[in-house]
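Read through the structure below, which is laid out as structure tokens, and then see the notes.
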Number of protein chains: 2
Amino acid sequence: MGRNPKARYAADVAEFELIESIRARCTQTRDDVVLGIGDDAALLAVPAGTLLAVSTDTLVAGVHFMQDAAARDIGWKSLAVNLSDLAAMGAEPAWATLALTLPVADARWVNAFAEGFAALAIQHRVALVGGDTTQGPLSITVTVHGLLPERFALTRSGARAGDGVYVTGTLGDAAAGLRQMQSQPPGDSRLLERLQRPTPRVAQGLLLRGRATACIDISDGLAADLDHVCAASSVSAEIDADALPASPALLAACAAGTRRAFQLAGGDDYELCFTASDAGSGDLLDALARSGCAATRIGRIGTGGGVRLRDAAGNPVSLPRRGWEHFA
Amino acid sequence: MGRNPKARYAADVAEFELIESIRARCTQTRDDVVLGIGDDAALLAVPAGTLLAVSTDTLVAGVHFMQDAAARDIGWKSLAVNLSDLAAMGAEPAWATLALTLPVADARWVNAFAEGFAALAIQHRVALVGGDTTQGPLSITVTVHGLLPERFALTRSGARAGDGVYVTGTLGDAAAGLRQMQSQPPGDSRLLERLQRPTPRVAQGLLLRGRATACIDISDGLAADLDHVCAASSVSAEIDADALPASPALLAACAAGTRRAFQLAGGDDYELCFTASDAGSGDLLDALARSGCAATRIGRIGTGGGVRLRDAAGNPVSLPRRGWEHFA
């Protein structure tokens, strides 16, 4: 065993300055933070009748982002992927903790990271209430806390035969962005933006409360994530692969086969896939469109199990292999 | 950017099996877990009138433990250092999330890690409610959640001139254990145990509720951590360096000067340092002794600022440099 878990780098001063630098940029405050950064633990007030939603995700350099990725983008994405989990539960974001492991105490890098993190935190009124900075290979673990009224949670287990299947936004952009980033010259900035600075669908998750029967965020790719819903709900899903929403940038960047592979299995989309009964679905789709992120009907829930893919003509479509590559 | 944050290793099956292996061993359940592992977020019920305490700490291989440390010990310690933070707030542990980054999906290592983690979790009725497994250099981030009645929190800021200063247990064992581990032959197993499997003082933290005026856990070493209390409370502390509690193992292992350095600045002790007024301190000390971990009076709070060290004869003692070494 080596140094204790709270003392790091050549001098404590360095750690203290890094924490102060992060804290100075993460300025979002909330009345429900009784005690924030600076004691052994944060103290938080959860309103009566409200459930606490908790999720945690880690990003590792060389696995989830390139070693030389912009610090500001890494800060944004480390919070975004976590907020996406809260969105998929219908929870309203409240608090986050940040565990940041860095090879060297690089103040400029940390400042840019904190700016990216804070920009998204302020958008969603997320207060940074604690964390840890340690020395080691670059990696970030964020734990987010959200709030939601009891009985309004969106889980994976509520899909019923006959429900429609929907996704927010468009699919496949991040996978196309990753492919373009690995090529020369760099590709369409709209695709890179979707990869590097994904938008968690928090407002849409709130609209789905009490209306969607099941929900999940699409981080591993539509086919894999929808399969989790089918397993949790003991249902099947039939998807029209020609109905999957595509952005203009994706349509311009990819041939049809590649596009479909990215949409079904690309991952890193951070859109919501949800199911809803037909009754009231028109109102729900209207509300989502007004929120700035429309949803598209892509299929239907059935009995049995597993995800079946068909094209618009009704012919079976085989599930492509994953579209992403990794650096590890 | 590379793989998305939820898909890792050569095959998803490997990640799924690792998570199932951890889940199968972390069997502690709680009625307040509305939804545990397996959805986008856990859903937890916080009782009305109760504050949520949240803390997070990271352990990195080669920095906080040796690369070849026993997986079971790493699992235990990754939870212990976090529970120590809850103890220092007077919070009762409830839930934890675990972010585990591993170079390879080694089932045997993960099983041993999970056994160590679970052994401590079961002792303190901590339910594992979520987490993330990623591929990358070995590192563990745990976020713990505890509960405490409003107005009973133990913070760093309540120390008052005239209060006594106390520590639980004994100091310096972990630093002596680290020194011994680096020597041949390996030293006293009692010291190594204190380094590798520290005991968070949860029960003692609960006894301090409403009785201690300030509290902190000793992770960076007594002198550094007590200085945090002095700064937060705008007080000074005068410590009798000859009154610091030492274990028989420490007394046998170290000469007086080294022992004092380890006790004052060794770190990794995970004892509680607290302040309390003299009124009722006798009852408090009796209660702590009955809890199985006695506390020792080591000094007094005064006005001004900073920590002053004196020996039993009243002569100034200079603060030693840190006793620990690191591997980074």
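The values are calculated or read from the model by the stated rules, or taken from the named source; none is laboratory data. Remember, predicted model here, so these are calculated numbers, not experimental data. Here the Cβ positions follow ideal geometry from the backbone for every residue, glycine too, while neighbour counts run over all protein chains shown. Calculation scope for accessible area: heavy atoms of the full protein, side chains included, ligands and nucleic acids excluded. Shrake-Rupley method; radii C 1.70, N 1.55, O 1.52, S 1.80 Å.
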Checklist entry - Got the relative contact order for segment B:9-149 handy, in percent, Cα pairs under 8 Å and 6 or more residues apart? => result 40
Item to check | Net charge dipole size for chain A [Lys, Arg +1 and Asp, Glu -1 on Cβ; Debye, nearest 20] | outcome: 420
Item to check | Length-normalised contact order of segment B:164-310 in % [C-alpha pairs under 8 Å, at least 6 apart] | outcome: 46
Checklist entry - How far is A:A24 from itself in the other copies, in nm, if each label sits 7 Å out from Cα along the Cα-Cβ line, shortest first? => result 5.1
Next on the checklist: Within segment B:194-328, what whole-number % of the accessible surface is contributed by carbon and sulfur, with the 1.4 Å probe and all protein chains included in the calculation?
Outcome noted: 49
Item to check | Over chain B: helical MRE at 222 nm, DSSP H runs n ≥ 4 each giving -39500 (n - 2.57), nearest 500 | outcome: -10500 deg cm²/dmol
Checklist outcome for this item: The long-range amide H neighbours of B:I298, using H built 1.01 Å from N in the peptide plane and a cut-off of under 5 Å, are B:V165, B:Y166, B:V167
Checklist entry - Probe 1.4 Å, all protein chains in place: accessible area of B:R23 in Å², nearest 10? => result 100
Item to check | A:N315 paired with B:L319, simple spin-label distance in nm, labels 7 Å along Cα-to-beta-carbon | outcome: 7.6
Checklist outcome for this item: Sorting from shortest, the nanometre distances separating the label point of B:A255 (7 Å past Cα along the line to Cβ) from those of the same residue in the other copies are 7.8
Next on the checklist: Which of the three applies to chain B, rounded, prolate or oblate, going by the alpha-carbon gyration tensor with a ≥ b ≥ c and a/c under 1.5 meaning rounded?
Outcome noted: oblate
Item to check | Percentage relative contact order, chain B, counting C-alpha pairs under 8 Å, at least six apart | outcome: 22
Checklist outcome for this item: Quick calc, B:A279 & B:V104: beta-carbon distance into FRET formula, R0 60 Å, rounding 0.05, result 0.55
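Evaluate E = 1/(1 + (r/R0)^6) for B:R308 and B:E20, where r is the Cβ-Cβ distance and R0 equals 60 Å; express this FRET efficiency to the nearest 0.05.
0.65
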Checklist entry - Hey, for A:R125 with labels 7 Å out along Cα-Cβ, what do the inter-copy distances come to in nm, ordered shortest first? => result 3.3
Item to check | Two-site label geometry, A:S291 and B:R190: point separation in nm, points 7 Å out along Cα→Cβ | outcome: 6.1
Item to check | Separation of the B:D32 and B:A48 label points, Cα + 7 Å toward Cβ, nm | outcome: 1.6
Checklist outcome for this item: One finds the C-alpha centres of segment A:59-106 and segment B:10-57 to be spaced, in Å, by 20
Checklist entry - Under the classification rounded if a/c is under 1.5, otherwise prolate if a/b is larger than b/c and oblate if not, where does segment B:16-105 fall, given a ≥ b ≥ c as square roots of the Cα gyration tensor eigenvalues? => result oblate
Checklist entry - Where nothing but the Cβ of Lys and Arg (+1) and of Asp and Glu (-1) is charged, how large is the charge dipole of the protein assembly as shown around its Cα centre, in debye to the nearest 20? => result 100
Checklist entry - Using unit Cβ charges (K, R positive; D, E negative) and no other charged atoms, how large, in debye to the nearest 20, is the dipole of segment A:164-310 about its Cα centre? => result 120
